[in-house]
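Reading through the structure tokens given below for one structure.
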Amino acid sequence: MRILLISYDDYKFDGRLRELIQVAKELGEVTYITRASDGEQPREKGHILYPDRGYSRFIFFVCVQVKKLGRQDLIFIDNRKGILPGYLARKLSGADYVVQDCRELYDMKSAAGIPGRIGCIIEQIFTKRSDVVIAANAYRARIMTKMFRLKREPLNYENIRRLEYASDEKRQQVEAECRTFFEEPKFRIVSTAGCDMSRTTGKMLEAMKGLGEDYELLLIGESEEEDEQIVRGTIRRLGLTNVKILPRMDQDHLKYFIQNSQAGMVAYHQRDLNNRYCASGKIFEFLFEGKPVVTSTNPPLKDFCEKYRAGQASDDYEQAVRELAGRYEQWQNHVERLISRIHVEQNNKKLADQIRSLLEERKR
């Protein structure tokens, strides 16, 4: 089966996208189009990079590539910005099937501005036409069935993923670059939300004041300028010296920083569907490095922590961090037991088998 996967996201920084590509490879011969970051090179022969010049040009770029590639059997759409180029690709390539992954969940009430509302309309029109629809967790699958008037509940694909070094040489290089950062012993908490204030970062900064100098918060990620200014202002106002702001990192650097820290922070606000019913993919990047997590109390995160005892879901971040630090070995044991039962490859194969089964039904 010839498969074209279309994504407007970045392979280098997007864990769910990387695993979806592996799922597609379980189904057939895959070509995948992703948005390029600075200096990025194709990962392999079937990887096509779009030199980012905006979304409208991305649609045109995909159409040009489809004409070059010729006949495809299946179009695999990653996220809502893949829908328009994906359905154009289906028409141009004569593909029999469309598989659509919906990692986000916005309704018209929570959509941001006109582009967000247009995205919702496009999803309403096309999602019910896709042969297979995938949701990021069971909560979202149930909501999407009603929202998009689907005949079948979407497949539930929890994004179980782990970070990998590109090579042992790269691991050694990162270690040589970053070793001195961790020389001073502290209980370090990593958040990959950067300075995003909508991700309850302000509350975490308040907690760091109470936690004191034996603890350190690492805010890793790309941030809006306004949010970063607010965070830096809060750090000055509270007199914090135990918070570091760091840029977005590739897999190699992020893995090293998590390995050498003690806990992960995964938090979202609850003001819209997408955030209230957030998917838990980020959690696994910490768990596979043996690190327990502190999370906000969104239903999927709270359920996960209570079910697997892999961390603390709490609205009191200071207390939650102190709980992890106070019984750290016990929490690490909970994480190790959970991870021993979870396999990225099996999770991907399970989704591939489910997709294959549904496509077989469509043939009948």
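The values are calculated or read from the model by the stated rules, or taken from the named source; none is laboratory data. Just so it is clear, the model here is predicted, and its values are computed rather than measured. Cβ sites come from the backbone with ideal geometry, for glycine too, and all protein chains shown count toward neighbours. Each accessible area value is taken on the protein alone, full model and side chains, heavy atoms only, with ligands, DNA and RNA left out. Shrake-Rupley method; radii C 1.70, N 1.55, O 1.52, S 1.80 Å.
What helices (runs of 4 or more DSSP H) lie completely within the stretch 1-117 and have 3 or more residues being in contact (Cβ under 8 Å) with a residue 40 or more places away in the chain and over 22 Å from residue 280 (Cα atoms)?
So the answer is 55-69, 83-93.
Can you give me the ranges of the helices (runs of 4 or more DSSP H) entirely in the stretch 179-297 with at least 3 residues that are open to solvent by 60 Å² or more (accessible area, probe 1.4 Å)?
201-211, 225-238
Go through the stretch 270-326 residue by residue and tally those that are over 22 Å from residue 205 (Cβ atoms), at pLDDT 95 or above and among the aliphatic types (A, V, I, L, M).
Residues flagged as over 22 Å from residue 205 (Cβ atoms), at pLDDT 95 or above and among the aliphatic types (A, V, I, L, M) within the stretch 270-326 amount to 2.
In the stretch 162-174, what residues are of a type in the set (D, E, K, R) and either surrounded by fewer than 13 Cβ atoms within 10 Å (Cβ to Cβ) or over 28 Å from residue 267 (Cα atoms) (or both)?
Scanning the stretch 162-174 gives 168, 169, 170, 171.
What number of residues within the stretch 23-74 are over 24 Å from residue 133 (Cα atoms), surrounded by fewer than 13 Cβ atoms within 10 Å (Cβ to Cβ) and among the charged types (D, E, K, R)?
7
Can you name every residue in the stretch 75-92 that is open to solvent by 10 Å² or more (accessible area, probe 1.4 Å) and of a type in the set (D, E, K, R)?
Result: 80, 81, 90, 91.
Please find, among 345, 323, the residue that is open to solvent by 30 Å² or more (accessible area, probe 1.4 Å), part of a helix (DSSP H, G or I), within 30 Å of residue 29 (Cβ to Cβ) and out of contact with any Phe, Trp or Tyr (no Cβ under 7 Å at 6 or more places or on another chain).
Going through 345, 323 in turn, just one is open to solvent by 30 Å² or more (accessible area, probe 1.4 Å), part of a helix (DSSP H, G or I), within 30 Å of residue 29 (Cβ to Cβ) and out of contact with any Phe, Trp or Tyr (no Cβ under 7 Å at 6 or more places or on another chain): 345.
Of all residues in the stretch 118-135, which are assigned to a loop (DSSP other than H, G, I, E, B) and either open to solvent by 70 Å² or more (accessible area, probe 1.4 Å) or touching a Phe, Trp or Tyr at 6+ places or on another chain (Cβ under 7 Å) (or both)?
131
With respect to the numbered conditions (1) surrounded by fewer than 18 Cβ atoms within 10 Å (Cβ to Cβ); (2) at pLDDT 95 or above, which one is the sole condition not fulfilled by residue 115?
(2)
Those residues that are under 27 Å from residue 361 (Cβ atoms), touching a residue at least 24 places away in the same chain (Cβ under 8 Å) and not acidic (Asp, Glu), I need them from the stretch 118-136; list them, please.
122, 124, 126, 127, 129, 130, 132, 133, 134, 135, 136, listed by residue number.
If we keep just the residues of the stretch 139-164 that are touching a residue at least 40 places away in the same chain (Cβ under 8 Å) and part of a helix (DSSP H, G or I), which is farthest from residue 85 (Cα to Cα)?
Going through the qualifying residues, I end up with 139.
For the stretch 298-307, enumerate the residues that are open to solvent by less than 20 Å² (accessible area, probe 1.4 Å) and over 21 Å from residue 325 (Cβ atoms).
Within the stretch 298-307, 298, 300 qualify.
Scan the stretch 143-161 for residues that are farther than 15 Å from residue 123 by Cα, modelled with pLDDT of 95 or more, of a type outside the set (A, V, I, L, M, F, W, C) and surrounded by 15 or more Cβ atoms within 10 Å (Cβ to Cβ) and report the count.
The qualifying residues number 2.
Spot the failing condition for residue 359; the list is (1) assigned to a loop (DSSP other than H, G, I, E, B); (2) open to solvent by less than 30 Å² (accessible area, probe 1.4 Å), and only one is missed.
(1) is the only condition that residue 359 fails.
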